[in-house]
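Student: Sharing a structure with you now.
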Amino acid sequence: MQLEIRPDPTEVGRARRWARSRLAGSGIETDESLAETLVLLVSELVTNAVVHTGCPAVLRLLLSGVRDGAGGTVRLEVADSCARPPVPRCAEGDDTNGRGLALVEGLADRWGWSSEGVGKRIWCELDRCEPGSRSGAANAPASAPATYEGFAYEAV
């Protein structure tokens, strides 16, 4: 499933609504914490594309094995035609921006980016756990590094 995104800030709200409707159609309830986290991740990734590239983008939502409350993985991707890589920033105190990629890193089980043609693809994944098992990225194994353009980073 994919949604074309124009370089316009109003697209962020449209992307959130689109993602909610797709999740509901996949068996992920809108009040489920997974859905809330995914919508926040959509918001962050689409906002970054709209604000920092000035280019159209494509939002993709890929659901693997996610049906009827079962486990599985949800992958979000935002592809754009801007070759400039994502740059995590350190927001301080009252800064009103600069926290997006830190939120993605903290909420997603995995995330990264890759060059794609003249642009790039930024992605993140969330695992849907069986009831009673671990929940969310806070309990993700620290030994699994994420890879970004040949560099490995580990959570400490």
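Student: Of all residues in the range 97-132, count the ones that are assigned to a strand (DSSP E or B) and at pLDDT 90 or above.
Tutor: Final tally of qualifying residues: 15.
Student: Here are some residues: V118, V39. Which one is surrounded by fewer than 20 Cβ atoms within 10 Å (Cβ to Cβ) and closer than 20 Å to T10 by Cβ?
Tutor: From the options V118, V39, the qualifying one is V39.
Student: For G27, work out the one condition from (1) more than 14 Å from the chain's Cα centre (by Cα); (2) open to solvent by less than 70 Å² (accessible area, probe 1.4 Å); (3) at negative phi it doesn't fulfil.
Tutor: (3)
The values are calculated or read from the model by the stated rules, or taken from the named source; none is laboratory data. Not measured: the values here are computed from a predicted model. Glycine gets a Cβ as well: all are built from the backbone with ideal geometry, and neighbour counts include every protein chain shown. These area figures cover heavy atoms from the full protein model, side chains too; ligands, DNA and RNA do not enter into them. Shrake-Rupley method; radii C 1.70, N 1.55, O 1.52, S 1.80 Å.
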